[in-house]
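Visitor: I have a structure here, written as C-alpha cells, and I will follow up with some questions on it.
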Amino acid sequence: MASPRGWSLDIAERPDLDGLLDLGSMRIPQRSGMELRLDVEKSTQRLVGVTCGLGPNKVQLQAFAAPRSSGLWAEIRAALVEGLAKAGGSAEETEGMFGPALQARMPSRSNDGRVVYQPARFMGVDGPRWFLRVVINGPAAGQDDSLTDVLSFVRSVVVDRGDEPRPPRELLELRAPQAVVDAAAAKQAAKQQSAGQV
C-alpha cells in the first residue's frame, strides 16, 4: 500500500524510534501528562489495544494484519456505518488527514435510562500488510479545531507488523511496556509485603 499523503507510519520507513514507547506491534509517542491505558480482553487477558488520554481527548489505537494486495479500511468503514445504524446511531463520511474518516454519533444510556449520543471519530490507515484503526473520543471527535494535536500524535505512531504470515484482520500482538510491567511487579511486591506484616 502507498503511504498516505507521502509519509509513513511503517517501521521500515521510520528508522528513528527515539522517544517512542515500545508496545510490540506499535510504538507510540510519549507526551507530557498523557494517560496510557492498555485495553485487555476479559476472556483471554490478551492486550487488544491501547487508549491514550491527551488532555480532554482519548485516542484508541489497534493494529491488524492486512492483505498484501489491498487495504481493509473501505470494508471496515462500511461495516461500521451499518453497525452504527442498526444500533440507533449514525455516521457521516468525511475527508481527513488519513483519507476517508467517519464522524459518528454513538448511542448509549444515561444514568436515568435515557438514550444519549456521544460523538466519536473513526480513522483508518492502510499500511503495507497492516491496518491501523484509530477511534477518537472527546472534543476532537466532533470539532475539527480540537483535532490538530490528536492528528499530530497519531502521525507519530509507528506500526511494526513483523514478518510472520498472519490472516487478514488478526490483531497484531501488543505487549505492556517494560516500565509498566516493572511498576506492576513493584506494586504487587509491596502489597504482599504489607499483607505479611499484618
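The values are calculated or read from the model by the stated rules, or taken from the named source; none is laboratory data. Nothing here was measured: the structure is a model prediction, and the numbers come from that model. Cβ placement follows ideal geometry from the backbone for every residue including glycine, while neighbour counts extend to all protein chains displayed. Side chains included, ligands, DNA and RNA excluded: accessible areas come from the protein's heavy atoms. Shrake-Rupley method; radii C 1.70, N 1.55, O 1.52, S 1.80 Å.
Visitor: What single numbered condition from (1) under 19 Å from the mean Cα position of the chain (by Cα); (2) open to solvent by 50 Å² or more (accessible area, probe 1.4 Å); (3) over 22 Å from residue 168 (Cβ atoms) fails to hold for residue 81?
Guide: (3)
For (1) in contact (Cβ under 8 Å) with a residue 24 or more places away in the chain; (2) of a type in the set (Gly, Ala, Ser); (3) out of contact with any Ser or Thr (no Cβ under 8 Å at 6 or more places or on another chain), each residue gets a yes or a no:
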| position | (1), (2), (3) |
| --- | --- |
| 10 | yes, no, no |
| 29 | yes, no, no |
| 39 | no, no, no |
| 55 | yes, yes, yes |
| 58 | yes, no, no |
| 76 | yes, no, yes |
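Visitor: On to the next question. Scanning segment 117-156 for residues that are under 23 Å from residue 78 (Cα atoms) and modelled with pLDDT under 90, which turns out least open to solvent (accessible area, probe 1.4 Å)?
Guide: 142
Visitor: What number of residues in segment 34-87 are farther than 23 Å from residue 100 by Cβ, of a type outside the set (A, V, I, L, M) and not in a strand (DSSP E or B)?
Guide: 8
Visitor: Being touching a strand residue (DSSP E or B) at 6+ places or on another chain (Cβ under 7 Å), surrounded by 14 or more Cβ atoms within 10 Å (Cβ to Cβ) and among the β-branched types (Val, Ile, Thr): is that true of residue 94 here?
Guide: The answer is no for residue 94.
Visitor: Among (1) open to solvent by 30 Å² or more (accessible area, probe 1.4 Å); (2) modelled with pLDDT under 95, which single condition is residue 64 missing?
Guide: (2) is the only condition that residue 64 fails.
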